[in-house]
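Everything on this sheet refers to the single structure shown next.
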């Protein structure tokens, strides 16, 4: 089930005896954790302190954690037992199928099945597996975790936010906090945080404290306050070059120089931008929506703002110019890595070549 389905079920039906929390997305998991604590232990601080127990399977066995869930407490009528690091209980390798490790794992799955058949009244157990994601190399690992804990009937999947849902979340959080955040600044914030929901929530709160809700958030606020936000200056350079705007590109280069930005990193972003624009032109993509959909199918996550930047580059450059630009960027990257050249001169020559 999704986090929203979990919260709806919790409100309507109360907590289940055992949950399996799967996936690395931290914002929704923390939201569900808070609501589950409230549903099981209430709001009294003493009840929460006496009734909440945490175990890490990197330090204790699953059997020991379940033994604690079976134990009755003299100080709490209701308990929440949180078991993190669930991946640690799995056999270390497939080759260990006939080893003692696998036998111990089999004993632990039997212990889990035994507990599920006679769960302790008034106790809720959460088994949390947050190490692996749902895509790429993590997918097979997560499937092993799901199989190992397959006896748990109620499983909640914490999948990463899509770029669109992250944008909607950021807008909602900004509105709730009274933060005056324009669309351009919103796009900048999403780029700077990589559309990670937990980071968005933290940075929006920091921006609220900075501005006090009395003025609009500026790009300078984000650049000074949000970690890694200086990279967004590089994206601004990408956008200026993509539009063929030489004057703006030189202004941004001045900013990068003052901030002692690592120029090869800037070139890496630029090269990626122009290669993606070349792919988009060769594929006949006409707008940002098509660009975003095309790269998503290829497994490359592209935010809406980045897709619009690629669209601008496609519209500003012919295919021949895009091909020459990719070649020029390669040359500039090579020159920057040579025996300590003047980075500023190399970048200026690159800008002149790309905006000719």
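The values are calculated or read from the model by the stated rules, or taken from the named source; none is laboratory data. Here the structure is a predicted model, which means the values were calculated and not measured. A quick note on method: Cβ atoms are made from the backbone with ideal geometry, for glycine too, and the neighbour counts reach across all protein chains shown.
Miscellaneous remarks
- Meets criteria (modelled with pLDDT under 90 and either crowded, with 20+ Cβ neighbours inside 10 Å or farther than 30 Å from residue 195 by Cβ (or both)) for residue 51: yes
Conditions (1) crowded, with 20+ Cβ neighbours inside 10 Å; (2) modelled with pLDDT of 85 or more, marked per residue:
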| position | (1), (2) |
| --- | --- |
| 254 | no, no |
| 279 | no, yes |
| 285 | yes, yes |
| 294 | no, yes |
| 325 | yes, no |
| 337 | no, no |
| 340 | no, no |
| 348 | no, yes |
| 353 | no, no |
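- With respect to the conditions (1) crowded, with 19+ Cβ neighbours inside 10 Å; (2) closer than 21 Å to residue 190 by Cβ; (3) in contact with a helix residue (DSSP H, G or I) (Cβ under 6 Å, 6 or more places away or on another chain), residue 314 lacks only one, and its number is (2).
- Only helices (runs of 4 or more DSSP H) whose full extent lies in region 156-220 are considered here, and the ones with at least 2 residues that are without any contact (Cβ under 8 Å) to a residue 12 or more places away in the chain are 163-177, 197-211.
- From the list 169, 173, 179, the lone residue that is outside the structural domain of residue 18 (by TED's automatic domain parsing), buried (at least 19 other Cβ atoms within 10 Å of the Cβ) and more than 30 Å from residue 296 (Cα to Cα) is 179.
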